[in-house]
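A short worksheet on the structure shown next.
Throughout, read-outs are computed from the coordinates displayed, never taken from laboratory work. Keep in mind the model is a prediction, meaning the values are calculated, not measured. Don't worry about glycine lacking a Cβ; one is built from the backbone with ideal geometry, like all the others, and counts go over all protein chains shown.
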Amino acid sequence: MIFAANFKTNHTRNSTKRYLDTLSEKIAAKKSEEKVYIFPPATALGHYQGDFTLGVQNAYPAQNGAFTGEIGLEQLEEFAIRTILIGHSERRELLGESQEKVAEKFAFFKAEGFEIIYCIGEPLEVRQAGDEAVSAYLLAQFEGIDTAYEKLIVAYEPIWAIGTGRSATTEEIASTHQTLRKTVSSPLLYGGSANPDNIQEIAAIENVDGVLVGSASLDAEKFASMIFGAKC
Ligand code: PEP
């Protein structure tokens, strides 16, 4: 089972260090098959020791260059970062990242051999239109993406469940992951208001190989309790 923490625009360099110290202590007894990923803000990237993989929430598909406000491969290499989140709905929606741009990033970081957690998810109106609409919407988010990439992890994150406290139902997750399983053989994560209270139920769903967690990951003890609470 994979447990990935997306801090988004939360935590500082100092609080990330404290977080990782606490988390490392708390997860010292976790099973080796439970893989932990931490995606702090770019300002908190560093050389940390521990039983987790540090990744980046975003980067520009270039070694370096004139891309004001962005970080590229050169900045990631300084911290030995080899894992990236691509396609998060907040970047698609708030920052206007098109499928074309997302696919360009994917191709660049794939060529560099990065492990990629690729996020897809539908808005509420699509979910309300039914399973077929959801499936068509999600499959369109694979346009330009090599779904056979061996270092791919897919995160299904319904937009209406992100940060809302309203997780998708067990049935919604199960049927969506079953559909996705026909297209990708990579690990499938669920994301959207996963927390210590629902982790056991989510972890038990077929074709759920892990979770991508926002709000509930911000506190190290809470996140650690999810890792132990999943009972997988
Ligand atoms: C996310 O944005 O990746 C996410 C899953 O957020 P939350 O857990 O807060 O819904």
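A cut-off under 13 angstrom between Cβ atoms defines the neighbours of V184, and their net charge, with Lys, Arg +1 and Asp, Glu -1, is 0. Assign one of three labels to the chain, namely rounded, prolate or oblate, based on the Cα gyration tensor with a ≥ b ≥ c the square roots of its eigenvalues; rounded applies when a/c is under 1.5, prolate when it is not and a/b is larger than b/c, and oblate otherwise. In terms of gyration-tensor shape, oblate. Applying a DSSP loop filter and a limit of 12 other Cβ atoms within 10 Å to the GluC sites (Glu not before Pro) in the stretch 1-78 leaves E33, E78.
Computed from backbone phi, the HN-Hα couplings of the stretch 33-38 come to 6, 8, 9, 10, 10, 10 Hz, rounded to whole numbers (Karplus: 6.51 cos²θ - 1.76 cosθ + 1.60, θ = phi - 60°; Gly and Pro given as x).
What value, in deg cm²/dmol to 500, does the helix sum -39500 (n - 2.57) over DSSP H runs of n ≥ 4 give at 222 nm once divided by the residues of the chain? Each step should come with its number before you reach the end.
Numbers: 9 runs with 80 residues, N = 232.
Dividing the helical sum by the residues of the chain leaves -9500 deg cm²/dmol.
Its Cα centre serving as origin, the chain has a Cβ charge dipole (Lys and Arg +1, Asp and Glu -1) of approximately 500 debye.
Each Lys and Arg contributes +1 and each Asp and Glu -1, all at the Cβ; summed about the Cα centre of the stretch 42-101, the dipole is approximately 80 debye. For G191, nonlocal amide neighbours, meaning residues 5 or more places apart or on other chains whose placed amide H falls under 5 Å from its own, are Y156, E157, L212. In percent, what relative contact order does the chain have, based on Cα pairs under 8 Å that are 6 or more apart in sequence? Result for the chain is 21 percent. With K and R counted +1 and D and E -1, the other residues having a Cβ less than 11 Å from that of E97 yield a net charge of 0. Taking other C-beta atoms within 10 angstrom as a stand-in for reagent exposure, Y37, Y118, Y48 fall in the order Y48, Y37, Y118, fewest first.
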